[in-house]
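The values are calculated or read from the model by the stated rules, or taken from the named source; none is laboratory data. Just so we're clear, the structure is a prediction, and the values are computed from it rather than from any experiment. Neighbour counts are summed over all protein chains in view; Cβ atoms, including those assigned to glycine, are modelled from backbone coordinates with ideal geometry. Accessible surface areas use protein heavy atoms only, side chains included; no ligands, DNA or RNA. Shrake-Rupley method; radii C 1.70, N 1.55, O 1.52, S 1.80 Å.
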Amino acid sequence: MLSPCIAAGAGADLVAVAGLPPESTQQAVTYPSLFLLVVLGSLVPVVPTGALVSGAAVVALHQSVPGLALAAVFLIGAAAAFLGDVTLYWLGRRGVDSRSGSRWLERLREHAPPERLGQAQDRLRDHEVPVLIVSRLLPAGRIPVMLACLLARMPTREFVRGNLPACLAWAVTYQLIGLLSGSVFPEPWEGVAAAVVLTVVISAVPVIWRRLRAG
C-alpha cells in the first residue's frame with residue numbers, strides 16, 4: 001500500500017513548485033522531477049506514482065496554456081512508467097535466466113503473494129495484453145502480473161507490446177483523477193491535496209478488503 005505520508009510529501013512538492021515564478025521555471029522543475037520520480041516508483045514500488053501524475057495534472061490545469069501542460073504531463077507520465085516497467089522487466093529477466101537469480105527477482109517475489117501470483121498466471125494464459133493493461137490500473141496488480149510474465153518466460157518484445165497501452169491507460173486514468181480534483185477546488189493546493197487523498201484511498205481499499213477477507 002502506498003504511504004499517505006509519502007503521497008502527501010509528493011503533493012506538497014508539487015504545490016511548492018506551483019508557486020514558483022515564472023511559469024517556465026516551474027515547468028523546468030516539475031517535468032524532470034515528475035519523470036524521474038515515476039521511473040523510480042516503477043522500479044521501487046514505494047513512490048506513489050499515481051498521486052504524482054494526478055497532482056501534476058492539477059498543477060497543469062492552472063497553467064496559462066493548460067492543454068499543452070496536460071499533454072506534457074500525460075506524455076511524461078506514460079513514458080516514465082513505460083521506461084520503469086521495461087527496465088524492471090529486463091532486470092527480472094536477468095534473474096530468471098541466471099542460475100543464482102537476482103535481488104530484483106526476489107524483490108518482485110516479495111511483492112507478489114503466492115495466491116495473487118497464481119491468479120495472475122491463470123489470467124495471463126488466456127489474455128496476455130488485456131491482463132497487462134488491467135494490472136497497471138489495479139492497485140498492487142502490476143508486480144504479480146509482471147512476475148507471472150517473467151516465470152512464463154514471456155519475451156521482452158511481447159511484454160513491451162502489452163505494456164505500452166497499459167502505461168498509456170494508466171497515465172490517462174490518473175490524469176483524469178487530477179482533472180476531477182482540480183476542477184472541484186479553486187486553489188491548486190486544494191486540488192493536489194484532494195488528488196493525493198483520492199489516489200491513496202484507491203490504493204488502500206483493495207489491501208483493506210483482502211485483510212478483512214483473510215481475517
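Just checking, does the range 81-96 include any residue being closer than 23 Å to ALA195 by Cα, open to solvent by 10 Å² or more (accessible area, probe 1.4 Å) and at pLDDT 90 or above? Among the residues of the range 81-96, at least one is closer than 23 Å to ALA195 by Cα, open to solvent by 10 Å² or more (accessible area, probe 1.4 Å) and at pLDDT 90 or above, which makes the answer yes. Of everything listed in (1) at pLDDT 80 or above; (2) closer than 29 Å to ILE76 by Cβ; (3) not in a helix (DSSP H, G or I); (4) not aliphatic (A, V, I, L, M), the single unmet condition for ARG153 is (2). Report whether or not THR199 is surrounded by fewer than 19 Cβ atoms within 10 Å (Cβ to Cβ) and within 21 Å of the chain's Cα centre (by Cα). In short, no.
When you go through ASP122, ASP85 one by one, which is the residue that is in contact with a Cys (Cβ under 8 Å, 6 or more places away or on another chain) and of a type in the set (Asp, Glu)? On inspection, the qualifying residue turns out to be ASP85. Between ALA140, ALA204, ALA120, ALA193, the distinction of being of a type outside the set (S, T, N, Q), at positive phi and modelled with pLDDT under 85 belongs to ALA140 only.
Filtering the range 118-140 down to residues that are free of Cβ contacts under 8 Å to residues at least 40 places away in the same chain, surrounded by fewer than 18 Cβ atoms within 10 Å (Cβ to Cβ) and of a type outside the set (D, E, K, R), which residue is nearest to ARG161 (Cα to Cα)? Among them, the one singled out is VAL129. Among the residues of the range 139-169, the ones that are of a type in the set (S, T, N, Q) and touching a His at 6+ places or on another chain (Cβ under 6 Å) come to 0 in all. The one condition from (1) open to solvent by 30 Å² or more (accessible area, probe 1.4 Å); (2) hydroxyl-bearing (Ser, Thr, Tyr); (3) modelled with pLDDT under 90 that SER181 does not meet is (1).
Considering only residues in the range 53-68 that are open to solvent by less than 50 Å² (accessible area, probe 1.4 Å) and in contact with a Ser or Thr (Cβ under 9 Å, 6 or more places away or on another chain), the one that is nearest to ARG109 (Cα to Cα) turns out to be VAL53.
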